[in-house]
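J.: Below you will find the structure I want to go over with you.
The values are calculated or read from the model by the stated rules, or taken from the named source; none is laboratory data. All values reported here derive from a predicted model rather than from experimental measurement. Heads up, the Cβs are rebuilt from the backbone with ideal geometry, glycines too, and the neighbour counts pull from every protein chain shown.
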Amino acid sequence: MADNKSKRGGADRRQVAGGEGYEVNYFARKHGISKQQAEDLIKRVGNDRDKLNAAAEKLKK
């Protein structure tokens, strides 16, 4: 599902658009994980940014 660029605001920033490569790349770089690890987290946890951030932190430990 593509990220709807016309919908901007708080709700859009609370989610990571797993189908958008640039968002997955940014998330992976931010947490120092591979793109594949980021994609796997998104599939496993969902696209809620707070939950993904917590899962990525646990992954690094």
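J.: Restricting attention to the range 37-51, does a residue exist that is at pLDDT below 95, closer than 27 Å to K61 by Cβ, of a type in the set (K, R) and in a loop (DSSP other than H, G, I, E, B)?
T.: Within the range 37-51, not a single residue is at pLDDT below 95, closer than 27 Å to K61 by Cβ, of a type in the set (K, R) and in a loop (DSSP other than H, G, I, E, B).
J.: Hey, another quick one. Take Q15 and tell me if it is at pLDDT below 95, among the polar types (S, T, N, Q), surrounded by 10 or more Cβ atoms within 10 Å (Cβ to Cβ) and out of contact with any Gly (no Cβ under 6 Å at 6 or more places or on another chain). Full working, then the answer.
T.: On the way: at pLDDT below 95: yes; among the polar types (S, T, N, Q): yes; surrounded by 10 or more Cβ atoms within 10 Å (Cβ to Cβ): yes; out of contact with any Gly (no Cβ under 6 Å at 6 or more places or on another chain): yes.
Yes: the conditions hold for Q15.
J.: Further question on the same structure: Any residue in the range 12-28 that is within 20 Å of L59 (Cβ to Cβ) sitting within a Cβ distance under 6 Å of a residue that is β-branched (V, I, T)? List the pairs, counting only those 6 or more apart or interchain.
T.: G18/I42; E23/V16; F27/V16
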